[in-house]
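Encoded as structure tokens, the structure appears first; notes follow it.
The values are calculated or read from the model by the stated rules, or taken from the named source; none is laboratory data. All values derive from a computational prediction rather than experimental measurement. Every residue, glycine as well, gets a Cβ built from its backbone with ideal geometry; the counts of neighbours run over all protein chains shown. We work out accessible area using only protein heavy atoms, side chains counted, and drop any ligands, DNA or RNA first. Shrake-Rupley method; radii C 1.70, N 1.55, O 1.52, S 1.80 Å.
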Amino acid sequence: MKLPLKSISKGMNKNLPLFFLFFSVILQCSAQSEARPSDTTLLRELKITEYSKDTSAGAVLLLDYGKVSIENDGYSRPYVRLYTITQRIKILNESGLNRSKLNLVLFQNYDEKLINIDAVTYNLEGNKIIASQLKNKEIYDDKMSKEILVKKIAMPDAKPGSVIYLHYTIQSTNIQSFNWYFQGANPVENSKFEVSIPPVYAYETIYQGLDSNCQLTKGEDYAVDNYGPNGYLYHNALISYSLKNIPAFKDETFITTAQDYIVKIGFQLNKYRSRDLKQEKTFLSTWPELNKALLDNSRFGGYLNSDQGDLHVILAQLKLDGKSEMEKAKILVNYVKTNYKWNNLYDVLSQKSLTDFMKEKTGNSANLNLLLISLFNAAKMNAQPVLLSTRNHGKIKANYPLISYFNNVICFLSTDSISLLLDATRPQLPFYCIPPDYINGSGLVVRKDSTEWVVIKSSVVSKVQNIMTLKFTPACDSLNGSLTMTTTGYEAFKLRQFWNTGYEDFYSLVIQGKKGTFDSVKVINEDAPEKPFIVNYSVSVPMNDRKVDTSVNGDSSQISFPPFLQEVASINPLKMPERKYPVDFNYDVSYEYRSFISVPDGYLVYQKPADTYYFMRDNSATFFFKASQSNEKSLQVISSISFNSLYQPDDYKELQKFFDVVIKKYKENVILRKKT
């Protein structure tokens, strides 16, 4: 029986159908052997020098084959997930050598283990194939944390022209969810994925990036035997997927995370059946059920329902009586920021009990923000938890009530006079401002018996203003002066973060790479997050290479230089001819440049860039440039640029042109010529 394409497409656009895994769904699929490649195949692949479908590629995955099998040893032990990967990778040039280094991440809370690996680097010497086998002693363990162990592997003798063969299996107790990524940083010639599941489990299938060019059809049912707990014999069903000629995911500039846009397929455990397959337990619930489960959890609701005695002691010390609600909010947020430290870990569940956290003063994001919510509620100010996903964690799919879509919790304060999203993890931000990596769509308000979403958006204005005062030396061999950079909002937050990590990091962000000498760097308001962050420094840029002889006898010269020196953009960051996903700047931002230039004695302004005003439709991006003289001894150049936070794919060409116009203008020089 054929599964109609129409019904599948409809399901993919709305609520995807639940595949109980009693059949195979095939995307242009065929079974794949896990054996090493033959000499004939290797000889052909070793002679490849360029990938014709993407000549810029540094490497190409000739084969990317994965298999997940949910298995049991036939006794009382729980099922485990075996995830087997088989790859053949062609290294085309030096830029592709990163594919010869592997970092296999093993999550210890799921008892993950690398149970086998077979890895070989093949090279061609003359017409002879040379195989370099990876040895066990060349695999190194890097324990990143208590929960994460990384197996670090560097393939032996890898170089441009090599073909790398990989085959390994990772065992895990995490059978709740898993993914297969058809697309990545390199093009893929053949990608295949196979799933083998016993009938005691049913999974929801979640697709991303599969468009109308990918035809879904039903394949033949077939099965393998698998013993379940206490000797029950089941027939596993297999689902197979295949895609060919998948382009590399490119142009990752200005996006949330590649995980939101690459072609992939995910499986989420939905139901568990009893051993006789007659009873079912549902894992996928509704949003209200998920909220209730969190509020009943001691690591979430336990914070909100804990004994408030200690909280009232804190409130008494803070002397909130007589304060406005906005003043109270500022005091409470800053109290948590000042007295407790974030350990750089996100989670929706608290890492420590409230008692331990208040004693140790350090915890994850849930520890800090659930405490903040409890303080607001103890002060009779209505505050609710809001679950969100940070930008690196990916977008939330509202059709699927899964806790795994979230990795953080913040505070939603809603009273008669104010409505604010608040966070206590970043002291470098104003109290009313959430971190920029939280701006990622909507968040789920955690309330019993209801579903409410709130838009996670910026509440601050982010600006950068550069004011330059410049003067030539008497010999006109150098342009010296001072620069004041004033930043607000998230731009100020970014600089404060770098300043707090150390002068070297700050210097590399603000100054490194520019030609000239930069001295006397000073900052203002580094510890005052509600005030602008200001940077002052002196600058000296040599001009000898910008002086040009324009006369026959050499007694006249001109000087050509950009009015904003090196403080403006010089390269268009949007390089792709088209884009299928939004350009996401994260937040609205504007830049202003002011350059006050003293014209040296004996010179006049021979040429200055023409005034320009350019904008995108609906003024979603604007550009202004003006150069003027109040007298012959001074030149003032002013420019401003503003961007909205988000541009859709239909805006890409126009935005790309906008950058071209701006950068071309900024490359135009002021020309001073010696008076005759």
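At-a-glance table
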read-out	value
Within the range 44-97, tally of residues that are in contact (Cβ under 8 Å) with a residue 40 or more places away in the chain and among the polar types (S, T, N, Q)	8
Total residues in the range 211-264, condition open to solvent by less than 80 Å² (accessible area, probe 1.4 Å), part of a strand (DSSP E or B) and at pLDDT 75 or above	11
Single residue of the range 461-507 satisfying the filter (open to solvent by 10 Å² or more (accessible area, probe 1.4 Å) and touching an Asp or Glu at 6+ places or on another chain (Cβ under 6 Å)) that is farthest from SER645 (Cα to Cα)	TRP499
Residues that are open to solvent by 50 Å² or more (accessible area, probe 1.4 Å) and either assigned to a helix (DSSP H, G or I) or in contact with a Phe, Trp or Tyr (Cβ under 6 Å, 6 or more places away or on another chain) (or both), drawn from the range 335-348	THR338, ASN339
Residues of the range 91-120 classified as of a type in the set (D, E, K, R) and either in a strand (DSSP E or B) or at positive phi (or both), total	4
Members of the range 58-90 that are modelled with pLDDT of 95 or more and either farther than 30 Å from ALA202 by Cα or not in a strand (DSSP E or B) (or both)	GLY58, ALA59, VAL60, LEU61, LEU62, ARG88, ILE89, LYS90
Filter result for the condition that a residue is of a type outside the set (A, V, I, L, M, F, W, C), modelled with pLDDT of 90 or more and open to solvent by 50 Å² or more (accessible area, probe 1.4 Å), over ASP588, ASP555, ASP584	ASP588
Looking only at the range 434-460, and only at residues there that are of a type in the set (A, V, I, L, M, F, W, C) and either open to solvent by less than 20 Å² (accessible area, probe 1.4 Å) or not in a strand (DSSP E or B) (or both), the one that is modelled with the lowest pLDDT	VAL460
Candidates LEU574, LEU565, filtered to the one that is open to solvent by less than 20 Å² (accessible area, probe 1.4 Å), assigned to a loop (DSSP other than H, G, I, E, B) and either more than 19 Å from THR256 (Cα to Cα) or modelled with pLDDT of 85 or more (or both)	LEU574
The range 288-320: number of residues that are under 32 Å from the mean Cα position of the chain (by Cα) and not in a helix (DSSP H, G or I)	5
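Okay, residues lined up against (1) open to solvent by less than 20 Å² (accessible area, probe 1.4 Å); (2) in contact (Cβ under 8 Å) with a residue 40 or more places away in the chain; (3) at positive phi:
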position: GLN317; (1), (2), (3): no, no, no
position: LYS323; (1), (2), (3): no, no, no
position: LYS352; (1), (2), (3): no, no, no
position: SER365; (1), (2), (3): yes, yes, no
position: LEU371; (1), (2), (3): yes, yes, no
position: PHE376; (1), (2), (3): yes, yes, no
position: MET381; (1), (2), (3): yes, yes, no
position: ALA398; (1), (2), (3): no, yes, no
